[in-house]
Structures are given as C-alpha cells and as structure tokens.
1. Taking square-rooted eigenvalues a ≥ b ≥ c of the alpha carbon gyration tensor, is region B:231-389 rounded, prolate or oblate, where a/c under 1.5 means rounded and, failing that, a/b exceeding b/c means prolate?
2. Once you have a ≥ b ≥ c as the square roots of the Cα gyration tensor eigenvalues for the protein assembly as shown, tell me rounded if a/c is under 1.5, and otherwise prolate or oblate according to whether a/b is larger than b/c.
3. When DSSP assigns beta bridges and you keep just the ones with both residues in region A:5-394, what percent turn out antiparallel, to the nearest 5?
4. Based on Cβ point charges of +1 for Lys and Arg and -1 for Asp and Glu, what charge dipole magnitude is obtained for region B:251-314 about its Cα centre, in debye rounded to the nearest 20?
5. Tell me what the protein assembly as shown gives for mean residue ellipticity at 222 nm when only DSSP H runs of n ≥ 4 count, each as -39,500 (n - 2.57), the sum divided by the residue total, rounded to 500 deg cm²/dmol.
6. Between chains B and A, what is the buried accessible area in Å², counting both sides, with a 1.4 Å probe and ligands, DNA and RNA left out, to the nearest 100?
7. So who's got an amide H within less than 5 Å of the one on A:VAL54, skipping anything under 5 residues away but keeping other chains? H placed 1.01 Å off N, in plane.
8. With Cβ to Cβ distances under 10 Å as the rule, what net charge do the other residues near A:PRO146 carry (K, R +1; D, E -1)?
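The values are calculated or read from the model by the stated rules, or taken from the named source; none is laboratory data. Predicted, not measured: the structure shown is a model, and the values here were computed from it. All Cβ positions, even for glycine, are placed from backbone atoms using ideal geometry, and neighbour counts span all protein chains on display. Only protein heavy atoms, including side chains, enter the accessible area calculation; ligands, DNA and RNA are left aside. Shrake-Rupley method; radii C 1.70, N 1.55, O 1.52, S 1.80 Å.
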2 protein chains.
Amino acid sequence: MRLGRIARAATLALALVGAGLGGGGAAAEDLIVQKKTFEMPSFTTQGGRTIKNVKIGWESYGALNADRSNAILVTHFFSGTSHAAGKYAPGDKTPGYWDAIIGPGKAIDTNKFFVIASDTLVNLNTGDPKVVTTGPASIDPDTGKPYGLNFPVVSFRDFVEVQKALVESLGISKLHAVAGASMGALQAYEWAADYPDKVGRLMAVIGAADSGAWGIAWLDVWASPIRVDPKWNNGDYYGKEPPTEGLKQALKVVSLHANHWLWAEKTFGRAWAEEGKDPAAAIGNRYKIEQGLEQSATARAAVSDANHFLYLVKANQLFMAAQGERLKAIKAPTLILYSPTDQVFDQSFVKATADIIRSGGAPVETGEIGGNFGHLNGVVAMAPLSDKVRGFMEK
Amino acid sequence: MRLGRIARAATLALALVGAGLGGGGAAAEDLIVQKKTFEMPSFTTQGGRTIKNVKIGWESYGALNADRSNAILVTHFFSGTSHAAGKYAPGDKTPGYWDAIIGPGKAIDTNKFFVIASDTLVNLNTGDPKVVTTGPASIDPDTGKPYGLNFPVVSFRDFVEVQKALVESLGISKLHAVAGASMGALQAYEWAADYPDKVGRLMAVIGAADSGAWGIAWLDVWASPIRVDPKWNNGDYYGKEPPTEGLKQALKVVSLHANHWLWAEKTFGRAWAEEGKDPAAAIGNRYKIEQGLEQSATARAAVSDANHFLYLVKANQLFMAAQGERLKAIKAPTLILYSPTDQVFDQSFVKATADIIRSGGAPVETGEIGGNFGHLNGVVAMAPLSDKVRGFMEK
C-alpha cells in the first residue's frame with residue numbers, strides 16, 4: 001500500500017517518526033531521480049482487446065552494465081507508483097518507498113545494479129503529476145473521450161507484458177531479479193512463472209499467491225464504497241463530479257487493513273478527534289483514529305481514480321483466482337519476506353506459496369519482517385532486512 | 001454476528017451443512033419458545049437523557065426456581081437477537097443461535113436453569129417481527145415521529161441497566177451467570193464489572209475487552225458505506241427510501257470479517273457467479289463469493305436499520321475505548337472461550353482480557369473453539385464445547 005505524499009504527512013509520518021523509521025538519509029546521500037515515459041503504439045491484452053497508445057512511467061537507479069545483465073525490475077504495490085527510491089529534488093520531504101533498501105551502497109546496491117521501477121497499467125494515482133499510466137481515466141484515441149468502463153479488463157500478465165516490452169526496449173533480455181512488495185510481489189511471482197528463463201532471482205515481499213476466495217472477497221469489500229456512491233455512475237463520471245466520498249472510504253479500508261493494532265494504539269490510542277467533543281456525548285463525535293484515517297484517505301482520494309481502483313481490484317482478484325500450482329514453473333532462486341503481523345496476506349498463505357515454489361524445484365529462502373505496521377512492514381520497515389536482501393541479490 | 005433467517009439460507013446454511021453442523025435436533029426435542037416484551041415507562045441513559053416508553057423483547061427457557069437463584073442471562077451479538085434457543089413453532093427451519101448449548105439436557109441445561117435472553121436497545125433487526133427494541137427507528141412519544149439521530153447515544157452500560165430492570169422485574173436479585181458471544185461477551189464483561197455482586201459466573205465467548213483503537217477503527221470501516229449512501233441523509237430517512245445499498249455493503253463487511261478463509265474456500269472457492277460470465281471478460285463479471293456475500297447482505301439489509309447499525313457501532317466503540325483495567329472489579333469465576341482463527345477479536349486481545357480479570361483476583365478458565373468459521377465459531381460451532389460449558393455452569 002502506498003500512502004501518498006500528503007497522506008503520509010497525515011498519518012504514516014506520525015507512525016514512522018514514533019517508530020524511529022524515516023527512510024532516506026542526509027541530503028548529501030540523496031539519489032536524484034527522474035520520471036521517464038515508455039510508450040507502445042498498441043498493446044493487445046490477454047483478453048484479446050487492443051489498446052492504442054499505451055504509456056507507463058518508469059524510473060531507473062544505477063547504470064546498465066555492458067552485457068546488460070545487471071537489471072533488477074521493481075514492481076509496485078496496490079496504491080504505489082514507480083517512485084521506489086531517491087528523490088526528484090533534494091528538497092523532497094520523502095524519498096521513494098523502498099529508499100531504505102535501494103541506492104548507492106544499500107541492500108539493492110545501485111553501484112552494482114541497474115534498477116528499473118515502473119508504473120503499472122491502471123495505476124491508482126492518476127492525479128499525481130509524476131505518475132504515467134493507461135487505464136479507464138485515459139483518453140481513448142478512437143473517441144477522444146476517457147475510456148471509463150470501456151477500458152478492457154487487464155491482468156497481472158498484462159502488467160508483466162508491458163513491463164517486458166519496456167525492459168526489452170532497453171536491450172535487456174534477462175533480468176538479474178524481479179522484486180516487489182504486496183501487489184508488487186504478486187507481479188514478481190507472475191513474471192517468474194510466465195518467464196522462468198528471463199528472471200534470475202525472485203524477491204517477493206508481503207505477498208502470497210494463493211489466498212483464493214478470501215482474497216477475492218476482501219478486495220470486493222475494499223471496492224464496495226465506490227459502488228455505493230451514486231457519483232460513480234457506473235464508471236461514467238469524467239468531466240463531472242467524481243465519486244470522491246466512495247473512493248475515500250475505499251482507501252480507508254485499505255489503509256486500515258494494511259496496518260496493525262500496534263500502530264493504531266501507539267499512534268492514536270483512544271483519544272478523541274476534538275477536545276471537548278466526547279464520542280459518548282453525540283453520535284457524530286468521533287475518535288482520533290477515525291479522523292486520522294479519514295484525513296489520510298481524503299488526501300489520497302484527491303489524487304486517485306475510482307475506476308482505476310476497481311480495475312486494480314479486478315487484476316488482483318484474477319491473480320488470486322488462479323491456482324498457485326502454476327508457480328511450480330518458477331526456476332529462479334526465491335527470497336520471500338513476510339510480516340508475521342500481516343492482516344492482508346496471513347503468513348499461512350505466504351508459507352503455502354513458498355512450499356508450492358519449492359515443490360517445483362526452485363530454492364526458496366524466507367525471512368520475517370518486524371515492525372508495528374502489519375502488512376506495511378514490507379514497505380516501511382525493510383531496513384533491518386538489508387543484509388538478507390543484499391546477500392540474496394549478490395549471491 | 002447473526003446471519004439472519006434468510007441470510008442464513010443464502011450462505012451460512014451451505015457452510016453449516018458442509019461442516020456437518022446444523023444445530024437443533026429432531027422435532028420431538030424442540031424447545032418451543034415465545035417472544036415477550038419488557039417495558040419501562042422511562043429510562044435515563046448514562047449520558048443523562050431520558051427515553052420514554054422503552055421496550056425490549058425477551059425469551060426464557062426453563063423455569064425459575066423457588067429462591068430465584070437459577071437464572072442465566074444471555075446477551076446477544078452485534079447483529080443478533082434474543083432468539084438464543086428453541087423454535088417459535090415446530091416448523092421453523094432453524095432454532096435460536098445457541099440452541100446447540102441451551103435446552104433440556106444440553107450444556108446450559110434448561111431442566112436446571114432459567115435462561116433469559118433479551119434484545120438490546122438499538123437492536124439491528126427492526127424489520128424482524130420477532131424483535132422488540134427501542135432506538136432511532138422508534139417513535140418518539142413527544143413528537144410522534146421516529147427519533148432518527150435525536151435518539152441519545154447509548155452504551156453497553158445502558159444495555160445492562162435495561163436488562164437489569166428486566167431481571168429485577170422477575171424478582172431476581174442475583175444471576176447465576178451472564179453469558180454471551182461477541183458483543184454479547186462484551187455486555188457480559190460489562191455486567192460482571194458493573195455489578196460484581198450480582199453475577200455469579202461470567203461466560204464470555206469470542207469477545208475481548210481491550211481491542212482499543214484497532215477495534216474503534218474497524219467499527220468505523222464497517223459503518224462507512226452507510227454514510228456514503230446519500231439516502232442515509234444524516235439519519236433522516238424514515239418515511240422515505242432508506243439507505244439500503246449502504247447498509248447492505250456495511251453488513252457485507254461484517255459478514256466477511258466475522259468469517260474465515262477456510263469457510264470462504266470451502267463454500268465458494270474460486271467459482272464464477274454465473275456460468276459463462278468469466279470475471280476476466282468484463283469488469284462487471286464477478287466471483288461466486290462476491291455474489292454470495294451480496295445476496296446474504298441484501299436479505300439482512302431488508303430487515304435491518306442503518307441508524308441502529310451506527311448506534312451499535314458507537315456502543316461498541318465506547319466499550320473499546322474504555323480501559324480494560326476496570327475489569328479488575330470482576331469477582332465472578334470466568335470462562336473465556338475464543339476461536340484461534342478469529343479475525344475480529346484476535347486471540348491476543350482475548351488472552352490479555354483473561355489476564356486483566358485474573359489480576360483482579362477472579363479465577364479465569366479459557367478454552368479454544370474449533371471450526372472453519374473464524375469469529376463465528378463462537379456462534380455456530382459451540383456444540384463440542386458442551387462439557388466445558390456444562391462443567392462451568394454446574395460447578
């Protein structure tokens with residue numbers, strides 16, 4: 001889960017500061033990065049629909065070596081972007097989400113590796129000027145209007161195919177590794193199962209391949225508030241008032257689900273939202289944690305798109321409905337890192353995934369991520385895993 | 001969590017049948033019960049507001065003994081009612097929710113005990129003809145119109161006070177035990193802490209006293225879809241079209257949260273909602289579990305009230321915000337039964353609650369409930385705990 005720039009200020013920052021985690025270092029160490037755009041004149045989905053003029057954003061850190069063998073692809077989480085490391089300008093408040101483990105001399109050492117991070121199709125953050133994506137909010141060149149729900153369903157296999165085209169456009173035929181957190185881990189599994197000969201290593205963080213019906217249903221619960229909002233209007237809201245309230249509540253569910261009670265209690269406790277407004281005194285008086293989640297979700301909703309949320313839900317559901325058994329095709333040595341307090345992907349699902357990959361013959365190493373943030377530990381609490389990640393990438 | 005009569009048919013029945021659980025026995029054994037109404041001309045809440053003409057429904061099983069010392073009060077869960085055991089007529093499809101452990105010769109033996117089960121204030125099921133409650137949907141005698149959000153905030157202490165008045169109206173000054181599941185367990189804790197000399201035993205099933213900020217936030221997530229629905233209209237919808245869509249989605253969250261992946265996978269798997277409608281083919285094509293939860297929630301929403309949902313959320317939040325420390329006042333020997341797969345009250349919260357009560361000096365016994373239904377195991381999978389419950393009640 002990405003907690004966007006403003007949202008981060010609203011809630012996670014409190015938690016990060018409280019926990020002594022902050023990512024990034026002194027300005028002198030900052031990696032300065034640029035957003036680039038990859039374009040395909042035409043892309044045909046697994047479902048057989050052709051989309052014209054597909055664009056995704058990407059960033060890279062480090063340099064590609066002469067034989068083009070040192071590239072690591074980083075795939076992002078549900079509400080994430082291609083901003084995995086570094087800053088766009090020295091004054092940026094926060095760096096990319098995995099800056100703690102990607103950079104010069106860091107666990108994924110950009111002095112050695114060429115790291116590519118790309119936006120997915122149907123990326124959530126359509127209102128973020130640094131995000132480039134193609135989805136329901138994009139203009140259909142054939143009609144001159146946004147696709148809305150006419151945009152085809154896309155799957156992680158489609159995400160992978162677009163990423164593969166990007167990677168190939170750089171002259172890279174085999175990746176040293178694919179790595180990602182949460183939905184990024186799911187894409188990494190997809191890559192390694194679809195192209196076993198093109199993925200040298202697989203690093204899957206806080207993601208499981210086989211959460212099945214349970215995962216499908218929770219994704220539907222995440223999306224439900226959007227459908228309740230009449231402004232969603234069956235996906236037809238471009239140029240009108242968007243379903244901000246529904247999207248906000250959807251983002252709130254995701255934020256809470258991805259976190260943990262240790263964070264909730266430490267960050268908010270049982271404090272009231274407003275001094276003098278006892279929640280016992282009026283039905284509308286609320287607790288600080290309700291207000292905090294609401295403020296964070298409000299900021300995120302302002303730069304997100306409701307239809308893109310629904311398309312991401314669909315892509316995740318399709319992945320969860322597929323049998324994990326197909327992961328037996330994976331050949332890459334695999335590192336699976338999980339958070340024992342993860343409420344989104346219970347560790348039992350992660351361990352089952354490791355077992356499936358092992359049963360296909362690939363070596364699988366696992367490791368636990370600590371921290372107070374449940375699922376989000378895999379995004380915000382990765383620094384202590386640095387040696388393990390470095391060892392895996394450089395072995 | 002109660003899965004209402006129709007809802008039960010829609011989803012849980014499948015699961016129950018599949019798991020070989022079904023409650024109830026042959027018709028010859030059926031306990032036939034009646035709904036009764038308890039009325040108070042006036043009740044003043046903890047917040048100091050007076051409600052006129054308060055009514056709650058109740059049922060009883062077994063007979064009160066001569067010295068009125070054999071009464072057990074059963075308090076219900078969030079979406080439950082006072083129908084804890086028996087059938088209203090021999091032809092009823094399903095008996096009360098704890099029929100597996102309440103009845104003649106059963107764990108809570110109605111040949112020995114006089115069991116009272118009561119509806120709470122602001123009970124959710126206002127459209128169920130067998131439920132009697134007072135809340136926002138009730139007519140305010142002063143205005144002749146439904147209270148709506150003018151109804152005062154009520155807490156579990158208020159629930160307890162009304163139940164206490166009911167119990168006292170029967171000439172009972174001390175209860176042999178108070179027992180309940182989920183929100184029923186929370187009320188039971190409340191009873192035993194508020195009136196340590198009036199509660200002989202405390203049986204708390206799938207409930208914890210100290211889930212704090214996390215519990216408060218999840219309750220807010222449950223309620224959110226109601227507030228997104230413009231038909232909710234700030235609680236003013238009586239005589240107009242009610243916010244059924246928001247309420248439905250709220251009930252869906254509760255149903256899923258209260259269940260477990262073992263149930264999800266076994267009952268629905270990754271099947272499609274409709275044959276020939278591949279979820280990969282269109283954004284609107286869904287999975288069977290999405291459809292199942294939707295159908296169940298639709299049936300439940302038809303007999304539930306959105307404002308009552310919000311008032312129940314508030315009462316639960318107030319309980320969760322209170323420090324568990326006050327449970328040290330409990331004197332009653334306590335039996336705490338929990339489900340290790342519970343997603344609503346993690347077992348760590350339940351164990352912390354047991355420790356708090358123990359530290360106050362009361363003896364606390366605990367026990368695990370098995371089954372495939374997560375939190376709901378405490379409602380639908382109690383039969384195997386019969387010996388433990390009987391031993392505790394008859395000791």
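1. Values: a/c = 2.96, a/b = 1.49, b/c = 1.98.
Oblate, since a/c reaches 1.5 and b/c is not below a/b.
2. Numbers: a/c = 1.99, a/b = 1.88, b/c = 1.06.
The shape class here is prolate.
3. Values: 15 of 41 bridges.
Counting only bridges with both partners in region A:5-394, antiparallel ones make up about 35 percent.
4. Numbers: 8 positive and 7 negative charges, 37 e Å.
So the dipole magnitude of region B:251-314 works out to roughly 180 debye.
5. Working: 22 runs with 254 residues, N = 790.
When only DSSP H runs of four or more count, the value is -10000 deg cm²/dmol.
6. Values: alone 15720 and 15730 Å², together 26870 Å².
For chain B against chain A, roughly 4600 Å² becomes buried.
7. When sequence neighbours closer than 5 places are left aside, the close amide H contacts are A:MET40, A:SER42, A:PHE43.
8. Working: positive: A:LYS145; negative: A:ASP140, A:ASP236, A:ASP305.
Within the 10 Å Cβ shell, the charges total -2.
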